[in-house]
Amino acid sequence: MLLLVASYGFYLYSGLGNLCYILLTTVSTYGTAKIIDRIHTASDRKSAKQKSRKWLWLCLGLNLGLLAICKVRLTFQNILLPMGISFYMFQSIGYVLDVSREKVKQMNQKLAERFGRHPGVVMWHISNEYGGDCHCDLCQQAFRDWLKEKYGTIDKLNRAWNTKFWSHDYPDFDYVESPSPHGENSVHGLKLDWKRFVSHQTIDFMKWERDCIREIVPESKVCTNMMYFYDGIDYFDMAKEIDLATWDAYPTWHKPTETMEQTAMDTGFMHDLIYSVKGQPFWLMENCPGPTNWQPISKGKKPGVNILAGMQTVAHGGDGVLFFQWRQAQGSSEKFHAAMVSHDCREDNRIYLECAELGSMLKELSENIAGQKRERQAAIVYDWSNKWALEDAQGPRNKGLSFKHELLRHYTGLRKNGIDVQMINEDSDISGYKLIVAPMLYMLRGDFARKLREFVSSGGTLVTTYWSGVVNETDLCYLGDTPYNLTDVLGVRRMEIDAMYDGETRRCVSEVDKLPETAHGSILCEVAALEGATPLMVYDEDYFAGAPALTVNSFGEGKAYYIATRFEEEFYKPLYEMICDGVVESCWPGHIADGVIACARGEYVFLLNTTDGVVWFDNAELAPYGTAVYKKDGDQLKLVYNQTAFNWRPGK
């Protein structure tokens, strides 16, 4: 109220006409907000939405019209006045928008009052697939406030972002704007902090929705659905504010460009990531029992694949397999999106029968497996800030770098050897892991570098790659030898790096018997100097022939491996067979056939057949797209469940 009165005094001083402008925008804004509030109270949902939207647009138009008049009339009188009017008007518009936010609270709380203690409600699903960012004036100011809290002074921000380059120094926080499409996009620290801010704001809004419900039902448990390799939110941070991690999986099975095993590995990586963000069992919130309708090619699942996908979820630590949707919509956007109950409404429909069989299997297994956690064996570093900085680095390769493909090479190499994999970020507790893999850890914070040093010194095994330890947490390049604070751990020092064109490779040759005789590096070829490490592979062509392409170094009681380039996919299975020998134990004691994935969960081991043929294991038949479950019994594995093939033929 004091600010409002002071504003009126300021504009009265500049002239009675200017005060009239401010009074008009105040009255119109407040009046509109009251009207919208009454509409929502007195009208049904559909008509309230239509009426309130008209009033909202009327209010916005009036405010922006007044702003335009003031800009033209007063620009040459006093530059401070139109700026003040702009700020005041946008703040008042924000009040109208806050009315809509208040309606979200009312809806959440009405639901909580009606259903909060219903015995059928075990958890609240908050919103749906959070995402997106906003560059409005209100979000711009919130960004500035966030930066003030983080850096304290503008001088610290300028140093952290190296704004002296190209004369980007900010004299005050008020001059900072988001990297919008028409904004500043060459200051990497700005863009990185914007990503962090958007993640923070989204999580903060989710917390607000959660707390609206808990005001009514304090004991409420909540979850929200995460997405496939989603870039916009740090899910490790989001997971701290929810009771259960869930995600939506829509793999594109049966693609001609990859095998079923590759599709399953890709999906398995996400299962393991969602398990890892809370370190506890998760739910598959959405998956489709047949073809979607929104993918470029919405291909169906062959008989048995729906069951395979459900069992894979359980094998990776899932305690819930849910489908979108129960009944196929008769019309509108997703009327051709598959559902458990199809348009024919028949119980002998193939999709319905397969969903029912999966339900029976899950019921049979749930008593012993639900709630089982996973042992810590190997961890892959997946850090959102690192990903954001890496993909915005501007060099040495700005196209086709694909951090995801690098991760999947290491992940698949470990999984093909029966090694359980979880994900960590640079804030994670790494105790208990025997092997840590840090691919392309471009942004390496000082505290995490110290953690890795201690991990190896205490007997752990570290694997890292090219383009690691390059910048700090604000995306400033480290000066001196790199990888930062790890050169003695790795026994190598980066000298330079060369980017490869698409299809361009450099031949490498093995120095040991356990690896393929030759392999080929691509994407980036880092040139390093040996400083104590033993070369396992060396480049065999170009000006850096003879330089190490793969090394191992002893440090304290542990070992550290360094990979200088990206090898072919098939190279990583023998690589991790060598690295894991004596370090981590495979969950399956024998040979794992191609197309079969072995997963450990607590006392149980799952064998998943991703092929359409029979595979023999331990004198047992593994059905096409089938799953077998073994239980640990001392040093032995005892078969406790073996799925029969889901047999279905048209017309039968």
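The values are calculated or read from the model by the stated rules, or taken from the named source; none is laboratory data. Keep in mind it's a predicted model, so treat the numbers as computed, not measured. Cβ: placed from backbone, ideal geometry, glycine included. Neighbour counts: every protein chain shown. Heads up: the accessible areas ignore ligands, DNA and RNA and are worked out on the full protein's heavy atoms, side chains in. Shrake-Rupley method; radii C 1.70, N 1.55, O 1.52, S 1.80 Å.
Residues that are touching a Lys or Arg at 6+ places or on another chain (Cβ under 9 Å), among the aromatic types (Phe, Trp, Tyr) and open to solvent by less than 20 Å² (accessible area, probe 1.4 Å) are absent from the range 136-148.
Quick check, is residue 561 part of a strand (DSSP E or B) and of a type in the set (Ser, Thr, Tyr)? Yes.
Assess whether residue 528 counts as being open to solvent by 40 Å² or more (accessible area, probe 1.4 Å), farther than 23 Å from residue 415 by Cβ and not charged (D, E, K, R). Quick ask: steps written out before the conclusion?
Values: open to solvent by 40 Å² or more (accessible area, probe 1.4 Å): no; farther than 23 Å from residue 415 by Cβ: yes; not charged (D, E, K, R): yes.
Spelling it out, it is not the case that residue 528 is open to solvent by 40 Å² or more (accessible area, probe 1.4 Å), farther than 23 Å from residue 415 by Cβ and not charged (D, E, K, R).
Being of a type outside the set (Asp, Glu), over 31 Å from the mean Cα position of the chain (by Cα), open to solvent by 50 Å² or more (accessible area, probe 1.4 Å) and modelled with pLDDT of 95 or more is the requirement here; does residue 545 meet it? In short, yes. Every residue in the range 561-586 that is open to solvent by less than 20 Å² (accessible area, probe 1.4 Å), hydrophobic (A, V, I, L, M, F, W, C) and within 30 Å of residue 633 (Cβ to Cβ), please. 579, 580, 584, listed by residue number. Name, by its number, the condition in (1) within 34 Å of the chain's Cα centre (by Cα); (2) part of a strand (DSSP E or B) that does not hold for residue 538. Residue 538 satisfies every listed condition except (1). The condition of being open to solvent by 70 Å² or more (accessible area, probe 1.4 Å) and over 19 Å from residue 298 (Cβ atoms) holds for only one of 344, 348, that being 348. For first residues located in the range 256-283 and in contact (Cβ under 8 Å) with a residue 60 or more places away in the chain, partners that are part of a helix (DSSP H, G or I) and open to solvent by less than 10 Å² (accessible area, probe 1.4 Å) and lie 6+ apart or on another chain with Cβ distances below 6 Å form the pairs 269/411; 277/235; 277/239. Listed by first and then second residue, the pairs linking a residue in the range 568-590 that is of a type in the set (Lys, Arg) to a residue that is surrounded by 14 or more Cβ atoms within 10 Å (Cβ to Cβ), with Cβ atoms under 6 Å apart and 6 or more places separating them unless they lie on different chains, are 573/413; 573/416.
Going by what's in this entry, would residue 415 be described as closer than 30 Å to residue 311 by Cβ and open to solvent by less than 10 Å² (accessible area, probe 1.4 Å)? Yes. Exactly one residue among 393, 370, 378, 356 is of a type outside the set (Phe, Trp, Tyr) and buried (at least 21 other Cβ atoms within 10 Å of the Cβ), and that residue is 378.
Of everything in the range 104-114 that's hydrophobic (A, V, I, L, M, F, W, C) and at pLDDT below 95, which residue is most open to solvent (accessible area, probe 1.4 Å)?
As a first pass, look at the range 104-114 and keep what is hydrophobic (A, V, I, L, M, F, W, C): 104, 107, 111-112.
From what is left, the residues that are at pLDDT below 95 are 104, 107.
Numbers: 104: 39, 107: 106 Å².
That would be 107.
Candidates are the residues of the range 458-507 that are farther than 24 Å from residue 537 by Cβ and in a strand (DSSP E or B); the one that is least open to solvent (accessible area, probe 1.4 Å) is 471.
Contact map, the range 188-209: residues that are over 19 Å from residue 104 (Cβ atoms) paired with residues that are of a type in the set (S, T, N, Q) and open to solvent by less than 10 Å² (accessible area, probe 1.4 Å), Cβ distance under 6 Å, separation 6+ or inter-chain. Pairs shown: 194/178. Scanning the range 198-240 for residues being within 25 Å of residue 113 (Cα to Cα) and in contact with a Ser or Thr (Cβ under 9 Å, 6 or more places away or on another chain) gives a total of 9.
With respect to the conditions (1) part of a loop (DSSP other than H, G, I, E, B); (2) in contact (Cβ under 8 Å) with a residue 12 or more places away in the chain; (3) not acidic (Asp, Glu), residue 546 lacks only one, and its number is (2).
For residue 325, only one of the following conditions fails: (1) more than 24 Å from the chain's Cα centre (by Cα); (2) part of a loop (DSSP other than H, G, I, E, B); (3) closer than 21 Å to residue 246 by Cβ. What is its number? Evaluating residue 325 over (1) more than 24 Å from the chain's Cα centre (by Cα); (2) part of a loop (DSSP other than H, G, I, E, B); (3) closer than 21 Å to residue 246 by Cβ leaves (1) as the failure.
I'd like to check something: does the range 421-433 contain any residue that is acidic (Asp, Glu), open to solvent by 40 Å² or more (accessible area, probe 1.4 Å) and farther than 27 Å from residue 280 by Cα?
Step one: filter the range 421-433 for residues acidic (Asp, Glu), giving 426-427, 429.
Among the residues that remain, those that are also open to solvent by 40 Å² or more (accessible area, probe 1.4 Å) are: 427, 429.
Adding the requirement that they be farther than 27 Å from residue 280 by Cα leaves none.
Within the range 421-433 (the criterion being acidic (Asp, Glu), open to solvent by 40 Å² or more (accessible area, probe 1.4 Å) and farther than 27 Å from residue 280 by Cα), the answer is no, since none of the residues qualifies.
Of all residues in the range 207-231, those being out of contact with any Asp or Glu (no Cβ under 6 Å at 6 or more places or on another chain), under 14 Å from residue 131 (Cα atoms) and open to solvent by less than 10 Å² (accessible area, probe 1.4 Å) number 2.
Looking at the range 621-630, is at least one residue open to solvent by 70 Å² or more (accessible area, probe 1.4 Å), touching a helix residue (DSSP H, G or I) at 6+ places or on another chain (Cβ under 7 Å) and not hydroxyl-bearing (Ser, Thr, Tyr)? No - not one qualifying residue is present in the range 621-630.
Residue check: residue 367 meets all listed conditions (1) touching a Lys or Arg at 6+ places or on another chain (Cβ under 6 Å); (2) farther than 30 Å from residue 185 by Cβ; (3) assigned to a helix (DSSP H, G or I) but one, namely (1).
If the condition is being over 19 Å from residue 229 (Cα atoms) and in contact with a Pro (Cβ under 9 Å, 6 or more places away or on another chain), then the range 277-293 contributes no residue at all.
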